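One structure is given below, encoded as structure tokens.
The numbers here are math on the coordinates, done by the rules we state, and not lab data. Since the structure is predicted, the reported quantities are computational estimates derived from the model, not experimental observations. Positions of Cβ are generated from backbone atoms using ideal geometry, with glycine treated the same way; all protein chains shown enter the neighbour counts.
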Amino acid sequence: MDVVPNTLKGFGVTLRQVFRKPITQQYPEYLRPVYPRFRGRHRLHLHENGLEKCVGCSLCAAACPADCIRVVADENTAENRVSAGERYARIYEINMSRCIFCGYCELACPFDAITLGNDYEISEYNRDDLIYTKDMLLAEPQKKIPVADRDLYDTPIPYYKAHS
Amino acid sequence: MTHLTEQWWVALIEAVIVVNLVMVAFAYTTWLERKALGRMQLRYGPNRAGPFGLLQPIADLIKLVRKEAFFPASSHDLLYISAPILSCFTALLAFAVIPYGPGWTVDGYYINGEIANLPISLILIFALGSIGVYGFIVGGWASDSKFAMLGSMRTCAQLVSYEVALALSVFGVVLMGRSLSLVDIVDRQQATLWFFIPQFIGLCIFLLAGTAETSRPPFDLPEADTELVAGYHTEYSGMRWGLFQTAEYINLIVLSALAVTLFFGGWEFPGVPSLDRFGPIWFLLKLGALVTAFIWLRASQPRLRYDQLMRFGWKILLPLATVNALVTALIVVWVG
């Protein structure tokens, strides 16, 4: 007849939790720091002199397994110099509704022109709004997403083993 | 205690107030349940709508009313629509006979401490509960879905099994109170002592069988989410589903109110007769404590297996309730 004490023990377990602080993270107010190598929304980068790093080679589009990148290249001219190379990307579009955030575009790029940032709040009410143009990708992200300290992860013991 | 006559329109106003108060109590029982369950699982529970999520029940109501009232093409329309109404109606009606105060005289008009003082009010509550079960069974059957059908069958089997133990468990209280009227039982407890002391076994059986009657966890087999999607209300949505939820929660409140009335002296404040005129406050406090206990039970215990449920009902609760009733009867006859 240890049914009754065992049943009562269950009540004790739940009652104890009432006096502890909930572990819920209050999301819109509190943004959890992302992993340093987190793969979020893409960014296109510029050189220090203001020229675009992208030369419109379409290697990212070729590497993309989801086929979500569209690049249309054009020649740089003396009057209209956009990038540091011979050619530049006249159209650079990423369809975020198809992107799987694998980071292959980043690996394929010979000039480090495209990288995956840490912005993950990219929901939209309209599918058309998920097609990001070159201007959107070049602009600074509107919301600052906190990034976790790199030293936290670069340890001899893996993070998940040290913090469990 | 003398019962003065009450004007019919006073009773009508009283009834309207009590029905609305019960609906508010239902709304905030859902809030309390979500909040308490959340804290017991290291979550916050609803905290977005209003301070401490206090407007959450209202937001839920608006959402349910605006939702499409869908029903399956092969359902039996009339039964499908009337089932939740029946359940909700009988659940609300049970509050008509539960006493919540000693009665007051305001401006020469006498106000009863209950809406209707019937000599057989306890039987009425059990009868209404039995009719309300039809809503759950018919609703599941009329929606023509296998999960709802299985849920209905389980409701049938479970409620029939536990109704016997529930009715027998209050037998001792009826014998000690020498009446089937809830008003007389409360008066009797004031004259002697609260019945949860002499009828402790009866109280335990009443609460366990009552949990099964309201099909709350750990006896929630009729709507076991992991097995039956949602049991008898699988095919319901919108406010029709909301009415089933209303019926379930009001059944819980009625059960708690009945336990307070039968075992914890109703609206009486222990030992201080001058505080008795604030009866509704003490009644609500006791009610809140019992409802919280039911929520705590839900958070703590896992669901029973079907054979365990049947074995517990027929082999433990029923014999125990019978022995309790017999022993109480013997003592009452013996002592006088």
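Structure summary
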| item | result |
| --- | --- |
| Most mobile of A:ASN95, A:ASN80, A:ASN118 in a GNM of chain A (Cα contacts under 10 Å) | A:ASN80 |
| Residue-by-residue Karplus 3J(HN,Hα) for the stretch B:56-72, coefficients 6.51, -1.76, 1.60, Hz, glycine and proline x | 4, x, 5, 4, 4, 4, 4, 4, 5, 5, 7, 6, 5, 8, 7, 9, x |
| Greater than 29 Å apart at Cα, pairs in B:LYS63/B:LYS286; B:LYS286/B:LYS315; B:LYS63/B:LYS146; B:LYS67/B:LYS146; A:LYS53/A:LYS143 | B:LYS63/B:LYS286; B:LYS286/B:LYS315 |
| Interchain or long-range residues, amide H under 5 Å from A:ILE131's placed H | A:MET96 |
| Projected label distance in nm at A:PHE19 and A:ARG37, using a 7 Å step from Cα toward the beta-carbon | 4.5 |
| Extension reserve of the B:LEU37-B:ASP77 stretch, reckoned as 0.36 nm per residue once the Cα distance is removed | 10.8 nm |
| Orientation-averaged projected area, Cα convex hull of the stretch A:30-146 (nm²) | 7.9 |
| Computed FRET value (nearest 0.05) for B:ALA329 with A:LYS9, which takes r as the C-beta separation and R₀ as 45 Å | 0.80 |
| Per-residue [θ]222 nm for chain B (sum of -39500 (n - 2.57) over DSSP H runs n ≥ 4, rounded to 500) | -21000 deg cm²/dmol |
| Cα centroid separation, the stretch A:24-91 to the stretch B:309-324 (Å) | 72 |
| Residues listed by number, the stretch A:106-122, amide nitrogen under 12 Å from A:SER97 label point at 7 Å toward C-beta | none |
| Fraction of the pair-distance distribution of the stretch B:171-254 above 17 Å, Cα-Cα pairs, percent | 61 |
| 5 angstrom amide H check on A:ARG90, placed H, neighbours 5+ away | A:VAL72, A:ALA73, A:ASP74 |
| Cα-projected label distance for A:ALA66 with B:LEU118, points at 7 Å along beta-carbon direction, nm | 6.4 |
| Dmax and Rg, reported as Rg then Dmax, of the stretch B:213-335 (C-alpha, Å) | 18.5, 56 |
| Most fluctuating residue given options A:SER58, A:SER97, A:SER123, as computed from a GNM of chain A linking Cα atoms under 10 Å | A:SER123 |
| Distribution of pairwise C-alpha distances over the protein assembly as shown, 10 Å bins, in % | 3, 14, 20, 18, 13, 10, 9, 6, 4, 1, 0, 0 |
| Overall form of the stretch B:1-73 per C-alpha gyration tensor (a/c, 1.5; a/b vs b/c) | oblate |
| Per-selection Rg to Rh, chain B - Cα, Kirkwood hydrodynamic radius | 0.97 |
| Net charge dipole size for the stretch B:44-167 [Lys, Arg +1 and Asp, Glu -1 on Cβ; Debye, nearest 20] | 420 |
| Rounded FRET efficiency, nearest 0.05, which uses the C-beta distance separating B:LEU193 from A:TYR120 and R0 of 51 Å | 0.20 |
